[in-house]
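Peer 1: A single structure is presented below for examination.
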Amino acid sequence: MDENQDRLNRLRTKDWWSRKKEIEELAAGHEERHLAVLESWLRKGEDHLSRNIAMEVFRALGSGATAFLVSLLSDSDADIRIFAANLIGDIGDKDALTALIEALEDTDVNVRIAAIEALGKMGDARAVGVLARRLEDSPWSVMAAVDALGRIGGDEARTVLHRFLVRGEYRGMTCEALERAGDRASVEQLMQYVGRGEIGGLALRALVTIAERECVMPSPLFIAETLPVLKDLVQSPDAAVRRAALIALSWAGKADAAPCLIAALGDDGLQEHAINGLMALGRDAVPDIIGALRGRGGQRGILAKILSMTGEVHAFPEFAGDADSEVRTEAALALGTVNTPEAKALLVKLSADPVDEVKAAAVLSLQLMKGGAGNDGLSR
Amino acid sequence: MTAFPDKKTIMSAEEFSSLRDLIEREFGILLRGDRRLTLHTKVSHRLSILGLSTYKEYYDFIVADPTREELFILASHITNNETYFFRERPQLDALAEILQDIKREKQGGEQRLRILSLASSSGEEAYSLNILIHESGLFAWNWDVEIIGIDIDRTAVSKAHAATYTANSFRSLNGDMSRIQRYFTVEDGRYELKRAYAKNVEFRHANILDSGLYAGLAPVDVIFCRNVLIYMSDPATERLVSNFSSALTETGYLFIGSAESLIQKTNLFTPEYREKVIVYRKNSEAQADAGQQRT
Ligand SMILES: C[S@@+](CC[C@H](N)C(=O)[O-])C[C@H]1O[C@@H](n2cnc3c(N)ncnc32)[C@H](O)[C@@H]1O
């Protein structure tokens, strides 16, 4: 057995970590002389280990292997053509662009799909036109093309995807591709599909992801119109859709979104958006916040803080005896700005609270009352 | 509608990241993403109380404080204190069985049982464990039983000492009043634990990431550290797990929350699958490896 073959054979006995290391060393030496052996291993249909090692080595060789892999795209065995297309995509060498585009005309549908996927991974905008023509191929090719267009991105791919949104049967995938590639214009395009049928949640998710990425907000009119849909989607079993619906609700500026926003305060991943939404509602959220504080629910400290930020300090006497010390602290600070005998009496009581922080807040407020000054500006 | 200042005027990105990094460094707690409004909502009252006007001043105040008191206060406002009696019942049932094994193992040896309730919040978990031990009847005579709860939140630790609760702490009992009345004096919606069931439980105000803490606690038979790892970074989890490993006896048991996992995060512990629950045990091979590397 020659030395090359011997060296490759040794790879078969190694564990994954040492194999990885040896393959890296081998590839660093630009060992193109192994190509013929590797090709024979690719052809070993049942021997998965050989085939996988061959693929690992090809990937490690990178553009050094591109020309050889391109030649395999015209192999008589369709499986070999598929492997070659996959590997070319992984390596991403743009010299293979034309060869991949030619492979889009392969007689075997699976080779065509592999070529489409490889073009997506390569991410070269020159492929957009040919991929757009694949949108009339078999369903699996269409799906692969939509995904590839999303990966390539850019103006031209986006325009194709926007137009393709009309195709109901592929709309879910198209939304996902736009979630990756979309821009401000995509937000407008996606709006019309939010809440429509099963993919309404996907359209919303894509819209919100893009809006966050691009720092834009859909028109208040749109959100107002979709409010009932958003309230439904906020209950979706899909966590990503729930998140998107809540974020959209936080933009709504509508008081009837308040209960959903309050409920989301307890969800670590949604808290920031829920606070944002409630702060944006300001006084419009007050009745619901007070209702929630009167109930037994959680997040009382946060609710009290938001209540105080709305400026609704006159609501606080009711909560000065709350079981939650964070609520009492907030009450103590808020009451300092209410110059009434009742507020003062409550503060005197709170200044003997067992919790240090409540006590400190009450003492501070009593001092402020005496000095006749208001509370400080920024932090309240 | 009231106009609110937007988050950029409330707290700059730099102010946020310096506080976020401080919290992660000291307590292992991660604040993922831009959480400025959340942080502001949770701690702005500290600025008022301390008479500070920016978060930069607040940060400087914390790092200059030699007592580290404000650092702990900051962390305690960020964490979630949610807890209740007999939380995650199947784990407690598993412990009841394990207690029998522990008792058997200790036969003829030192009659001492030590359990840690880490991130104990207001103490419901530690007291539940004590009630369970009491109900088992296994360690009643001449046993030195000690349950130690530890939390960074001073207010929670004081509540735990006071051992007085509201109905909210009993939500998993579904109104099983007989059990409540056996252990609590109920008056005006307040549930006070009878002193007899509190006497071998103690609470400390400390950071469970601090490895120095464990030297004085070892050897420990069982560690409960539930519903806190979910908030922690991977490096912090690694530090914690190594603390647990040094504190536990060779045959000790570790319970973490049922939504948490150590699988692929450490080789110091291996999962042991019991009916419905996973209990972690020390991995003797990893200990041996570590030993060999040291020699
Ligand atoms: C959700 S509670 C868990 C209570 C209880 N273990 C249970 O499962 O019901 C989380 C607690 O972890 C505490 N905590 C978070 N990081 C901590 C740390 N580094 N050291 C000590 N306690 C910590 C918090 O103060 C909070 O009380």
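The values are calculated or read from the model by the stated rules, or taken from the named source; none is laboratory data. What you see is a predicted model; the values in this text were computed from it and never measured. Backbone-built Cβ (ideal geometry, glycine too); neighbour counts: all protein chains shown. The protein model used for the area step is the full one, side chains on, heavy atoms only, and it has no ligands, DNA or RNA in it. Shrake-Rupley method; radii C 1.70, N 1.55, O 1.52, S 1.80 Å.
Peer 1: Does any residue of segment B:247-259 turn out to be more than 14 Å from every other protein chain (Cβ to nearest Cβ), within 14 Å of the ligand (Cβ to nearest atom) and open to solvent by 60 Å² or more (accessible area, probe 1.4 Å)?
Peer 2: Within segment B:247-259 (the criterion being more than 14 Å from every other protein chain (Cβ to nearest Cβ), within 14 Å of the ligand (Cβ to nearest atom) and open to solvent by 60 Å² or more (accessible area, probe 1.4 Å)), the answer is yes, since at least one residue qualifies.
Peer 1: How many of the residues making up segment B:148-179 are more than 16 Å from the ligand (Cβ to nearest atom), charged (D, E, K, R) and part of a helix (DSSP H, G or I)?
Peer 2: Applying the first criterion (more than 16 Å from the ligand (Cβ to nearest atom)) to segment B:148-179 yields B:164, B:167, B:174-179.
Cutting the leftovers down to charged (D, E, K, R) gives us B:176, B:179.
Cutting the leftovers down to part of a helix (DSSP H, G or I) gives us B:179.
Residues flagged as more than 16 Å from the ligand (Cβ to nearest atom), charged (D, E, K, R) and part of a helix (DSSP H, G or I) within segment B:148-179 amount to 1.
Peer 1: I'm trying to understand the selection: among the residues of segment B:73-82, which are open to solvent by 20 Å² or more (accessible area, probe 1.4 Å) and within 9 Å of the ligand (Cβ to nearest atom)?
Peer 2: If the condition is that a residue be open to solvent by 20 Å² or more (accessible area, probe 1.4 Å) and within 9 Å of the ligand (Cβ to nearest atom), then B:79, B:80, B:81, B:82 are the ones that fit.
Peer 1: Considering only residues of segment B:3-33 that are surrounded by fewer than 15 Cβ atoms within 10 Å (Cβ to Cβ) and closer than 22 Å to residue A:258 by Cα, which is modelled with the lowest pLDDT?
Peer 2: Taking the candidates together, the pick is B:3.
Peer 1: Here is a further query. Just one of (1) among the small types (Gly, Ala, Ser); (2) more than 11 Å from the ligand (Cβ to nearest atom); (3) open to solvent by less than 20 Å² (accessible area, probe 1.4 Å) trips up residue B:122, so point out which.
Peer 2: (2)
Peer 1: Of B:25, B:89, which residue is free of Cβ contacts under 8 Å to residues at least 12 places away in the same chain, under 23 Å from residue B:260 (Cα atoms) and within 16 Å of the ligand (Cβ to nearest atom)?
Peer 2: Values: B:89 fails: free of Cβ contacts under 8 Å to residues at least 12 places away in the same chain.
Within the list B:25, B:89, the selection yields B:25.
Peer 1: Take residue A:17 and decide whether it is farther than 26 Å from residue A:138 by Cβ, open to solvent by 80 Å² or more (accessible area, probe 1.4 Å) and not charged (D, E, K, R).
Peer 2: Working: farther than 26 Å from residue A:138 by Cβ: yes; open to solvent by 80 Å² or more (accessible area, probe 1.4 Å): yes; not charged (D, E, K, R): yes.
So residue A:17 fits the description; yes.
Peer 1: Still on this structure: In the list B:239, B:226, which residue meets the criterion of being surrounded by fewer than 21 Cβ atoms within 10 Å (Cβ to Cβ) and within 13 Å of the ligand (Cβ to nearest atom)? Talk me through it step by step, then tell me what you get.
Peer 2: Working: B:226 fails: surrounded by fewer than 21 Cβ atoms within 10 Å (Cβ to Cβ).
Answer to the check: B:239.
Peer 1: List the helices (runs of 4 or more DSSP H) inside segment A:262-378, counting only whole elements, that have at least 3 residues being away from chain B (no Cβ under 13 Å), under 23 Å from residue B:171 (Cβ atoms) and open to solvent by 10 Å² or more (accessible area, probe 1.4 Å).
Peer 2: Values: elements: A:271-281, A:286-294, A:300-309, A:325-335, A:341-350, A:356-371.
Per the criteria, A:286-294.
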